[in-house]
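In what follows, a structure is listed as structure tokens, so that the remarks can point back to it.
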Amino acid sequence: MALKIVKGSIDRMFDKNLQDLVRGIRNHKEDEAKYISTCIDEIKQELKQDNIAVKANAVCKLTYLQMLGYDVSWAAFNIVEVMSSSKFTYKRIGYLAASQCFHESTDVIMLTTNQIRKDLSSPNQYDTGVALTGLSCFVTPDLARDLANDIMTLMSHTKPYIRKKAVLIMYKVFLKYPESLRPAFPRLKEKLEDPDPGVQSAAVNVICELARRNPKNYLSLAPLFFKLMTSSTNNWVLIKIIKLFGALTPLEPRLGKKLIEPLTNLIHSTSAMSLLYECVNTVIAVLISLSSGMPNHSASIQLCVQKLRILIEDSDQNLKYLGLLAMSKILKTHPKSVQSHKDLILQCLDDKDESIRLRALDLLYGMVSKKNLMEIVKKLMLHVDKAEGTTYRDELLTKIIDICSQSNYQYITNFEWYISILVELTRLEGTRHGHLIASQMLDVAIRVKAIRAFAVAQMATLLDNAHLLTGNTQRNGICEVLYAAAWICGEFSEHLENPMQTLEAMLRPKVATLPGHIQAVYVQNAAKLFATVLRSQEGNTEGTAAQETSQLMIDRLPLFVQSANLEVQERASCILQLVKYIQKLQQKDVEVAEEVNALFAGELNPVAPKAQKKVPVPEGLDLDAWINEPPSESESEDEKPKAIFAKEEPKHSRPRHTEVDEKELARRREARKQEQANNPFYIKASPSSQKVYQDAPGVEHIPVVQIDLSVPLKVPGLPMSDQYVKLEEERRQKERAEKKKKEKKKRKEKRSGRGKKHDSGPESEEDITPAHMVDIVTEEMPENALPSDDDDKDPNDPHKALDIDLDKPLADSEKLPVRSHRPTEAPKSPAEDGDTESAAPQEPKKKSSKEKKEKKKDKEKDRKKSKEEKKKKKHKHEEGEDLLGGQPDEPAVQSEETNEVAAPPTSTSVSDLDFWLSNAPVPSNSQEAATVAAAAAPVPQEASGTAPDSEPDEPKDTETEETKSSKHKKKKQKKEKEEKEKKKKKKHHHHHHHSDGGGDESVQNGTVEEEEEPLPPMSNYCLLAENSYIKMVCDIQGNLQDGSQVVVSVIFENKCDSFLKSMEFNVLDSLNSKLQRPEGAGPHDGLTVPFQLPPGVSNEARFVFTVQSIVMPQKLKGTLTFIVKNEDSSTHEKLDFKLHFTCTSYLITTPCYSDAFAKLLESGDLKCSSVRLEGVNMPFHHLLARICFHHHFSVVERIDSCASMYSRSIQGHHVCLLVKTADQTVSIDAKCDEPSLLGNVLDEIKQTFSQC
Amino acid sequence: MIKAILIFNNHGKPRLSKFYEHYSEDTEQQIIRETFHLVSKRDENVCNFLEGGMLIGGSDNKLIYRHYATLYFVFCVDSSESELGILDLIQVFVETLDKCFENVCELDLIFHVDKAGIAGAPARAVSAVKNMNLPEMPRNINIGDISIKVPNLPSFK
């Protein structure tokens, strides 16, 4: 006893760790469950201890048990405890456990919010990482809402490790909290160009995943992705992008045209099979989206098919599988090109791999033609016999039926053959597709009138041999075909050779073992058969025969009256009474056949399955409106409905008696029609009744039925469809021979005449005539059926909520919820504002800048438009003017303007894309155009940069054209337009700066929004030079992409009444700074400004300069030469200017995370400098805004009257500022790794403030 | 997107499983069992794709698996994934395990399931959305040993 206690305590001392647990489980193979339950008890004890190490160990073991299928949700709280451990090794265990077993309904998740937030902002990147990782598995809508802002901040973390994870987890956040998508999207987009490839591919992934579900919202990103596609070398990224394009092309065929070229190149160049495969896939998607096959697209198809053939022929089964998979996509649109590989695909049918066989089957579906249908189906039937597994066999069965029935039985030339195939298929034991065969039988019998006689005969045989099918009823789905057989025999009983025999077969006692719904059909159709039999027997004037038949019915039907199935019972008792009555009449020698037949008379056409849905709502019908006034008194309640139903009553009456007058009969017929209108297979029994009764009941069933000359003998139980193949062959041969004789045979109406006939070689599709002239009845649709393209989208799809227009500018209300730091703190501490605002409100700004760019593109596009389209465009412009109308030329408030500028959002973004797409090369002059397009592609996206180089020459030409043409127009109109354009332009250049600034300068904007005082308008465009003809203002920006480039945006404004043309911009290069000139140009040549200026118009051009050292400001002298053209004369003019490259212009607004900022300052690499500004008389936030705006800084943190700011030079120098203000004095402490740069920047800041 | 990662042995015993959608423990075991039945029936030299995706969500899904010695590695993915890419991913994953455990075998996974799980966790979290930057990924796997690095996609076909 004592020993036991000691042992127990020792056990506790040496707690089992996970390894021990695993070992224990392995040692207790027999009583695993018992062992585990004791372990769980131990774990429960361990969890009660205070020691976190013990707890972590316990949780670790629980995680393992969870994987083995044990519910561990009871330990959720302990998991949270371990998660909140400060030690990383424990925290990690906690998060792992949480990611395994937490889900949306775990209530302790609520408790984790703050812990996760703490971990997210932990200085240790691994804490952050593990929190992000865990969060991705159990994020809930609440967590998503609360943490969205924190995660978004992490997207700009200094460590790519964190950025990558943050970007990825945003996808989960979007799913759970769709409102976050729009605020976060701009930053996500930014990450597409992250310097770290991991982050970049994460962003690509997220956007691809989003775009896959709602592609249309992401069309505007196509240019950016295109650029990535042409520049990236990461195969994983390429695959994703290419897949994404595959989803986008159906929406925008022009995109497809643009893609073909680079994709084909990739196909040729890549050695990676996976990439090749995805390229082929997307090319296929493109080809599908391009409706008409252009000549050189057939080359692409050929290329794809060729490559796929290589895949299929590969010995690697995986490649074979994928090849077939892709092939089936081509098949849909270009069946011809696939058909030539029929041999290969048939070969795959024999593959030992089921997946491959199934794929090959899919392909066969599209490869059949009238010519080869029989052959292919024959082959498939062989496989059906061979197939061992039922799944594959069922698959074969459905495929055979699919293949035959596709496009309205287009390829079936001989329906007798098809019926025999169906009958053969009924011999498959244990298939679950009985209903499929049954519905095919019904469909064919109803819709192909010519085949009915044959079908009925076959069905009668089936019914006779029903016992073969129902051998073991339980697991047999095949008995469903009896449903069809019984119905066909009943409905088309006039075609029956021996109705009496069939009637017998249908009333066998064995039938009672069939499923209820089949019995019901049996009973109903026995009645129909009975009617037919009566008619023939009465015609024979042998009263006794008819009476015997009635007796047979009366004898057999009671079996069904006792059925447990309600419907069988009802029908049986109904019919039984009817027959009894008939018998009574027969005994009185009354002829009843006519009247009994009348019960089942009436034509019923097949109704399309969707017909009901498509009945248009009649005009003026309002189903919600009261038909009658709502009943106010109880008396009217009783009366009215009664009247309504009284009218309908006759409809429900059943034919129990035969003394019916004409009127009654007609009404019943009507009722029956309506009743059966729901049955798509119901069709009118044609009133032809020339059936001759031959055999008396009881005669042995005759296995051989003579039907048609071309129909062979058939022995039930033996396959016979093969004979048709032979017969068909002979028939065709004969036909061909006949045709040869009469060269000019008339084409039958159904066949579209295709010019030439092939005397030799295989016969073409058109030459094959169907064995019978077959009239396939089309299914009925209601009149005025609405064309329907119902997208049956799953309402539960989480992606539905993400169908959000991303091009629309952000509204003020659309911000991510921002945490309030600590409840104890003042509710609006400025530090917090500075920090948090950086995330949300920055977006509108960026949006607006994007909008700006788009507008510009729009204009460019306008210029390109031809005269005819101009009027339409004008309309658009007018819209623009309306917008501008309410606004002064120099907008007073920035934030306000941001909103206004962005007003016509979708149209512009679309036209931006239009512009990009219109650049698409004409597929014929391929390579060159492609490179141009590739070069042009970045333009809309890159804020600054390559503009001058890639500005295509076309705009210039077309513009002249435009201006000329507009000259022809009425002057008034012209003036109007110009004015508009001018206004637009002004607005444009005023704000152009923001577009270039990018980054976080919006911080300042956010600050503005929250404080009452509006910011004065600011512009970075400064006057460059001016004379009586022209005014030049410019803005200088560093180029984000290239550390040695500076982009100068110059706006030229024509101030005179003359036309300015042939403008040339030239700068005297210094050693340090050089104007980038096109290749081949001399060092002193000027650059042609790529546009001309009509009077009063202004336009902007960009010039790229290369600089070597950026630590010093410098000035460059330059000249603009141009020709002033009047109506009668033209003069050469020039204007000198001085370009001032300040050090500020080398800075680029770069967001900075406060942690990183702190580390940067601590690192000690930075040199210090400071400056004091006296007499600055402006609110602190204005001051910050100015520094942000004019000197490209971003606010890192702001506390009261103190703020830290950050910026980076194009060559990567960090510039950190600490700005403090007190009593009109501002002190700026600055740190930078390049002292002279810092000094110059500070000087410039000082100058900025001395000016105001 | 990757919907689930299942690792089980030749007898269908789960060795490591991760579902990126929530299922009850019973359903998870059910899925593992069914997947095992599907996968174990297949010969060694047939293709690695299975369209039995009904197990987890829509018909869009595919099972992509590889069989190494006594272990099956099964990824359930939807159509946004490149099939061949996932095969490579499995390869890299296994190689990573190999690096972590030096000649990984089933017993390693059994006895170091926590380590394997944690090794897999970042990989899987990344792949929860989708992991493509493989050369980057493995470096993060074992935080204690950052030097682990997988050679650049040896079997990228």
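Based on the Cβ-Cβ distance from A:E1162 to B:S79, what FRET efficiency comes out when R0 is 30 Å, to the nearest 0.05? Write down the numbers at each step before the final one.
Details: r = 49 Å, r/R0 = 1.62.
For R0 = 30 Å, the calculated efficiency reads 0.05.
Which whole-number value in Å³ per residue fits the convex hull of the alpha carbons of segment B:1-41?
Details: hull volume 2.6 nm³, N = 41.
Hull volume normalised by residue count: 63 Å³.
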Worksheet entry | Contour excess over end-to-end distance, with Cα ends at A:D20 and A:E190 and 0.36 nm allotted per residue | 56.3 nm
Item to complete: Starting at the first residue of segment A:574-586, write each ³J(HN,Hα) from the Karplus equation 6.51 cos²θ - 1.76 cosθ + 1.60 with θ = phi - 60°, in whole Hz, x for Gly and Pro.
Response: 4, 5, 4, 4, 4, 5, 4, 5, 4, 4, 4, 5, 4
Practice prompt. Could you sort A:178-184, A:455-461 so that the peptide with the highest average Cβ count within 10 Å comes first and the rest follow in order?
Written response: A:455-461, A:178-184
Response to the item:
With DSSP loop assignment and no more than 13 other C-beta atoms within 10 Å, the trypsin sites (Lys or Arg not before Pro) in segment A:318-417 are A:K352
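Quick one: of A:K176/A:K1159; A:K118/A:K172; A:K165/A:K240, which pairs are farther than 23 Å apart, Cα to Cα? Before the final figure, lay out each step's value.
Working: A:K176/A:K1159 34 Å; A:K118/A:K172 20 Å; A:K165/A:K240 18 Å.
In this structure, A:K176/A:K1159 lie more than 23 Å apart at Cα.
For A:S1227 and A:T38 in the same chain, what is the full-extension length gain: residue separation times 0.36 nm, less their Cα-Cα distance, in nm?
Values: separation 1189, 0.36 × 1189 = 428.04 nm, distance 6.97 nm.
Gain on extension, A:S1227 to A:T38, equals 421.1 nm.
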Item to complete: Calculate, in nm to one decimal, what A:S407 and A:H103 gain on full extension: separation in residues at 0.36 nm each, minus their alpha carbon distance.
Response: 104.8 nm
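Strictly over 32 Å apart at the Cα level, which of A:K189/A:K613; A:K191/A:K307; A:K258/A:K336; A:K258/A:K610 would you flag in this model?
Working: A:K189/A:K613 43 Å; A:K191/A:K307 35 Å; A:K258/A:K336 25 Å; A:K258/A:K610 39 Å.
Table pairs above 32 Å Cα-Cα are A:K189/A:K613; A:K191/A:K307; A:K258/A:K610.
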Worksheet item: Using 7 Å Cα-to-Cβ label points, what is the A:A450/A:W626 separation (nm, one decimal)?
Response: 6.0
Response to the item:
Cβ density ranking, 10 Å radius, fewest first, applied to A:W236, A:W626, A:W74 yields A:W626, A:W74, A:W236
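Which FRET efficiency value, to the nearest 0.05, is calculated for A:E1127 and A:D803 with the Förster distance at 51 angstrom and r the Cβ-Cβ distance? List each step's numbers first, then the result.
Details: r = 56 Å, r/R0 = 1.10.
Efficiency, from the Cβ-Cβ distance: 0.35.
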Worksheet item: Ranked by Cβ crowding within 10 angstrom, fewest neighbours first, how are A:H1140, A:H1214, B:H11 ordered?
Response: B:H11, A:H1140, A:H1214
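Would you mind ranking A:S1209, B:S80 so that the residue whose beta carbon has the fewest other beta carbons within 10 Å leads the list?
On the way: A:S1209 25, B:S80 19.
The fewest-first ordering by Cβ neighbours comes to B:S80, A:S1209.
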Worksheet item: Spin-label point model (7 Å from Cα, Cβ direction): what's the A:S1170 to A:D1200 distance in nm?
Response: 1.7
Worksheet item: With each pseudo-label sitting 7 Å past Cα toward Cβ, what's the A:D316-B:L38 distance in nm, one decimal?
Response: 2.2
Worksheet, complete the sentence: By the Cα gyration tensor axes a ≥ b ≥ c (a/c under 1.5 gives rounded; else a/b larger than b/c gives prolate, otherwise oblate), the shape of segment A:185-308 is oblate
Worksheet item: Counting only residues 5 or more places away or on other chains, whose amide H sits under 5 Å from the amide H of B:S79 once H atoms are built in the peptide plane?
Response: none
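Any read-out appearing in this document is the output of simple, stated calculations on the displayed coordinates, not a laboratory observation. Just so it is clear, the structure is predicted and the values come from calculations on it, not from any experiment. Counting neighbours? That spans all protein chains shown, and the Cβs are built from the backbone with ideal geometry, glycine included.
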